[in-house]
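Taken together, the values in this text are just the output of simple stated rules run on the coordinates, not laboratory data. Note that the structure is a prediction, hence the values are computed from the model and not measured. Positions of Cβ are generated from backbone atoms using ideal geometry, with glycine treated the same way; all protein chains shown enter the neighbour counts.
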Amino acid sequence: MTFPPNLEKRWELEGRLYASIGTLDLLSRSYEQGELDPNIFHKQHKNLLSTIVSIRAKLAESHFDLDDFIRSEKLDQQFPYGLEKLRITEGTDDTPHNRIDYTQIKKLPRIAAEFVANAIELLDLLRLEAIATVDRILPYLDELISILTSSRVYGPNHWVTQDIDQWIKWMDTQKPGQLLQRDELQKLELQTSRWLSDFRRELSNL
């Protein structure tokens, strides 16, 4: 039996998405249980998030419905940790401006996927207060501002770019192994969420 090429492609992409969410779930569980080195976890975590964003961009071409996929595959039961990360990449609110427009990401696959993955990775790190040190946070800020300044999404005068730059300058005055205070972590977490939300909104203008 043969199937239309477009249907085969969709099934392949859905299979890759399922596998990526499952791997992300296993990775997150292992890290929570202290079985993974933080550096290895964050590298693999970011790569998986980038892969998921890229797959979602391709699935958007065939009017993919994520909620139907989650229900049919029972992802909330099988991969709760992985599904939580997927929900973050999708946007936590139902308002259109706070959700990723995957048809736009298709136009800028590397830039969009890397920005989203780095922002989500940074948010995860900030929530792990015990390891949220300056030397771990700075690389993410450097990567975010590098993505923005090297693309046409934002210019150097955009408030997001300037905000990230201010955080980098402040971080540079701190000791590398210094842990951020809770109020500093909460403030940076809020700002990172705003950067990600604004990035999602800007995609629709590309």
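Residues of the stretch 169-183 with an amide N closer than 15 Å to a point placed 7 Å from the Cα of residue 39 along the Cα-to-Cβ direction: 177.
Counted over all Cα-Cα pairs of the stretch 1-90, pairs farther apart than 21 Å make up 32 percent.
Volume of the convex hull of the stretch 14-56 (Cα atoms only), normalised per residue: 48 Å³.
Roughly speaking, what is the stretch gain from residue 159 to residue 66, that is 0.36 nm per residue apart minus the C-alpha to C-alpha distance, in nm to one decimal? The partial results should precede the final answer.
Values: separation 93, 0.36 × 93 = 33.48 nm, distance 3.19 nm.
That pair, residue 159 and residue 66, stretches by 30.3 nm at full extension.
When only alpha carbons are used to place a centre, the stretch 136-206 and the stretch 45-78 end up 26 Å from one another. Across the options 197, 186, 138, the greatest Cα extent toward the positive end of the charge dipole of the stretch 110-206 (unit charges at beta carbon of Lys, Arg, Asp, Glu) belongs to 197. Placing R0 at 45 angstrom, the Cβ-Cβ distance between residue 186 and residue 19 gives a FRET efficiency of 0.80 after rounding to 0.05.
Under the 0.36 nm per residue contour assumption, what length would be gained going from the current alpha-carbon distance of residue 173 and residue 138 to full extension?
Working: separation 35, 0.36 × 35 = 12.60 nm, distance 1.15 nm.
So the chain would gain 11.4 nm between residue 173 and residue 138.
Pair-distance distribution P(r) for the stretch 110-206, from all Cα-Cα distances in 10 Å bins starting at 0: 16, 54, 26, 5 percent.
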